[in-house]
């Protein structure tokens, strides 16, 4: 989300390829009615998104007005990126219920596929594909029966370099099954599969991958989540993909484009340090293009990619950089969105898992580093998300030591190098996340069998 997220958006040059009214006053929301694609209607603005909550909590910040008017006012995707099979249905149902009450179309970004991001900055996902299908089934049970937009598994088809042929086939089957599960639960769901972006894989290769993953059961594909390629380039790429799909006998498929951050420079996938980019076209289903169902803000503007800040964390300086100097949003406002009777659960960053044990809250008052652990336990296994925070001064390397209960074993690690798999295990930084600025954080995680660790972890600098 989630998100983004630190979702890796490689360009060809770098790789293969607090209440709703708190921000509603004095702002305008993007709306749409008629549409050239298959969708029409206004998109749902989540009144509990990270940017809305930040605006409500920071009325005196000099950046607030710009962030409020140009970002918090707009509908954005809600990311579902945690492996929480026991609670995901109620989380989805609450979000959908609020959108239905507002008579608006919600956008949900599903980001839970096993081995997502090939172990990169947004690593994680369901422990295996069988448990993935259980999660998807529970997710789909909360979707209701009105129109919803599902962005299904960003990077899952464009990024396959870490998978064997057998693993690719299994992933394709999992995505195809997930699409049919969602469609069966809610026939009005609009499901879009991963099309990468215009400077990654070729249009022909993208079409082949979409076909293998069951695009015949979906409504089409999404692109540019979230790179910075221009909308015109993405539209041209989408037309080429649609043409290739038509040649395969798969007609009637359409594109949605993420325009959340493509109003400026393009290039490297990571936007944490780039000040040349701006928000792109405001979200709408009124695209004027028969091939394009919607322009969406899938990756919420202001949420980090993971190269400087923790992936998915909201950073006001990033949001302000994207919004400052960008055009104002449309001036026609839709009906006021009533706040939900029960505030929907906040969607965590895509690299975190919901804590079933409280984190260590020791504040980083001095120098050195501090580690907080959050554990998601299920029968026979767990995932653990660890946040490493620098003290007052920058650090240039870290090691976290965690003592595991007897009978517990680590089976996989992301964003860190593990020494040992049971008993006392030490996790050291990777080359790309060892430097952490003062009072900033980075994140790593691991999963295993048995009972998850407690919240106590020891962090030392290298």
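Is it fair to say residue 310 is in a loop (DSSP other than H, G, I, E, B), touching a strand residue (DSSP E or B) at 6+ places or on another chain (Cβ under 8 Å) and more than 30 Å from residue 390 (Cβ to Cβ)? So residue 310 does not fit the description; no.
Scanning for something modelled with pLDDT of 80 or more, surrounded by 20 or more Cβ atoms within 10 Å (Cβ to Cβ) and in a loop (DSSP other than H, G, I, E, B), does the stretch 384-403 turn up at least one residue? The answer is no, given that none of the residues of the stretch 384-403 is modelled with pLDDT of 80 or more, surrounded by 20 or more Cβ atoms within 10 Å (Cβ to Cβ) and in a loop (DSSP other than H, G, I, E, B). For residue 450, are the conditions met, namely being loosely packed, with under 15 Cβ neighbours inside 10 Å and either modelled with pLDDT under 90 or not assigned by TED's automatic domain parsing to the domain that holds residue 112 (or both)? When the stated conditions are applied, residue 450 does not pass them.
With respect to residue 39, is the statement that it is within 20 Å of residue 283 (Cα to Cα), surrounded by 20 or more Cβ atoms within 10 Å (Cβ to Cβ) and modelled with pLDDT of 50 or more true? When the stated conditions are applied, residue 39 passes them. Among the residues of the stretch 207-233, those that are touching a helix residue (DSSP H, G or I) at 6+ places or on another chain (Cβ under 6 Å) and crowded, with 24+ Cβ neighbours inside 10 Å comprise 207, 213, 218, 221, 223, 224. Mind listing whichever residues of the stretch 406-421 are more than 22 Å from residue 131 (Cβ to Cβ) and surrounded by fewer than 15 Cβ atoms within 10 Å (Cβ to Cβ)? Within the stretch 406-421, 406, 417, 419, 420 qualify.
Looking at 181, 161 in this structure, which one is closer than 19 Å to residue 89 by Cα and surrounded by fewer than 24 Cβ atoms within 10 Å (Cβ to Cβ)? Steps first, answer last, please.
Values: 161 fails: closer than 19 Å to residue 89 by Cα.
Answer to the check: 181.
Residue 147 falls short on exactly one of the conditions (1) closer than 26 Å to residue 256 by Cβ; (2) touching a strand residue (DSSP E or B) at 6+ places or on another chain (Cβ under 7 Å); (3) modelled with pLDDT under 95, and that condition is (3).
Per-residue answers, yes or no, for (1) outside any helix (DSSP H, G or I); (2) surrounded by fewer than 24 Cβ atoms within 10 Å (Cβ to Cβ); (3) not assigned by TED's automatic domain parsing to the domain that holds residue 193:
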position	(1), (2), (3)
68	no, no, no
79	yes, no, no
93	no, yes, no
99	no, no, no
114	yes, yes, no
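Taken together, 335, 283 contain a single residue that is more than 19 Å from residue 203 (Cα to Cα) and at pLDDT 95 or above, which is 283. Condition first: in contact with a helix residue (DSSP H, G or I) (Cβ under 6 Å, 6 or more places away or on another chain) and farther than 22 Å from residue 225 by Cα. Can you find one or more residues in the stretch 67-81 that meet it? Yes, the stretch 67-81 contains at least one residue that is in contact with a helix residue (DSSP H, G or I) (Cβ under 6 Å, 6 or more places away or on another chain) and farther than 22 Å from residue 225 by Cα. The set of residues in the stretch 414-462 that are in a strand (DSSP E or B) and touching a helix residue (DSSP H, G or I) at 6+ places or on another chain (Cβ under 9 Å) contains only 414.
The values are calculated or read from the model by the stated rules, or taken from the named source; none is laboratory data. Here the structure is a predicted model, which is why all the values come from computation and not from measurement. Note: ideal-geometry Cβ built from the backbone for every residue, glycine included; neighbour counts use all protein chains shown.
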